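A short write-up of the structure that comes next.
The values are calculated or read from the model by the stated rules, or taken from the named source; none is laboratory data. Quick caveat, the model's predicted, so the values are computed rather than measured. Positions of Cβ are backbone-derived with ideal geometry, glycine not excepted, and every protein chain shown enters the neighbour counts. The protein model used for the area step is the full one, side chains on, heavy atoms only, and it has no ligands, DNA or RNA in it. Shrake-Rupley method; radii C 1.70, N 1.55, O 1.52, S 1.80 Å.
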Amino acid sequence: MNVLQIATTNNRSFFNDQVSALEQQGISCDTIAVSLNKDEYAALVDGLGPIATQLAPTKGHNVPFYAANACWSYPRVLKAVADNDYDIVHTNSGLAAPFGLLQPHRPIVQTLWGSDLMGDYLGGYYSEALKHLVGQFDEVIVRNDAMNRELDGRAHVIPAGVDMETFR
């Protein structure tokens, strides 16, 4: 099985552990991080001119940042899906959800990490939008029962594991 992992960052140890565990089971995973780091964001904003720095002077959870992020990431996701024979697109974090939904070719598994569904990104509007989008995914994974209740039981609860060698 070949899986395209779309995540906001590939710099999270729990996400990297999850991908490693899948690969140990024989699942081939490619990862695309769809969130600009500070340097990439600064270069993009600089290229857009002075109005961009007034709208969104720093990387963060604001509409201009999300728009810039989409312009930077969406072509990369489409190219990956077009160039590879993925069986599944797995979007990790609700902030990566749009990138899975906008690719038209592969089944989508959405894993919500917590703050995406239960947090206040964009004043809570992002969480509300996710609740309405749940039906667009082929499968949805959440980390606990409280998250599943937020989705009226429409998700699979798969808790994130704890590495007992790292945490004692």
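Over the range 1-40, average the accessible area per residue using a 1.4 Å probe and give it in Å², no decimals.
56
Of the residues Tyr66, Tyr74, Tyr125, Tyr86, ranked by 1.4 Å probe accessible area with the largest first, the sequence reads Tyr125, Tyr74, Tyr66, Tyr86.
Take the range 79-168 with all the other protein chains still there, run a 1.4 Å probe, and you get 55 Å² of accessible area per residue.
Stokes-Einstein diffusion of the range 85-153 at 4 °C, 1.567 mPa s viscosity, Kirkwood radius from Cα pairs, rounded to a whole number: 107 µm²/s.
Rounded to 0.05, the FRET efficiency of the Asp83 and Arg168 pair, given R0 = 41 Å and the Cβ-Cβ distance, is 0.40. Leu22 sits with roughly 50 Å² accessible to a 1.4 Å probe, with DNA, RNA and ligands left out of the calculation. Between Met118 and Phe14, full extension at 0.36 nm per residue minus the direct alpha carbon distance yields a gain of 35.6 nm.
Counting heavy atoms of the protein chains alone, Arg76 has an accessible area of about 90 Å² for a 1.4 Å probe.
Applied to the range 127-143, the Karplus parametrisation 6.51 cos²θ - 1.76 cosθ + 1.60 on θ = phi - 60° returns per-residue 3J(HN,Hα) values of 4, 5, 4, 4, 4, 7, 7, 3, x, 7, 8, 6, 8, 10, 10, 10, 8 Hz, with x for Gly and Pro.
Computed in the context of the full set of protein chains, the accessible area of the range 81-150 at 1.4 Å probe radius has 50% of its extent on carbon or sulfur. Ser20 contributes about 50 Å² of solvent-accessible surface, heavy atoms of the protein only, 1.4 Å probe. Largest first, the residues Arg168, Arg154 sort by 1.4 Å accessible area into Arg168, Arg154.
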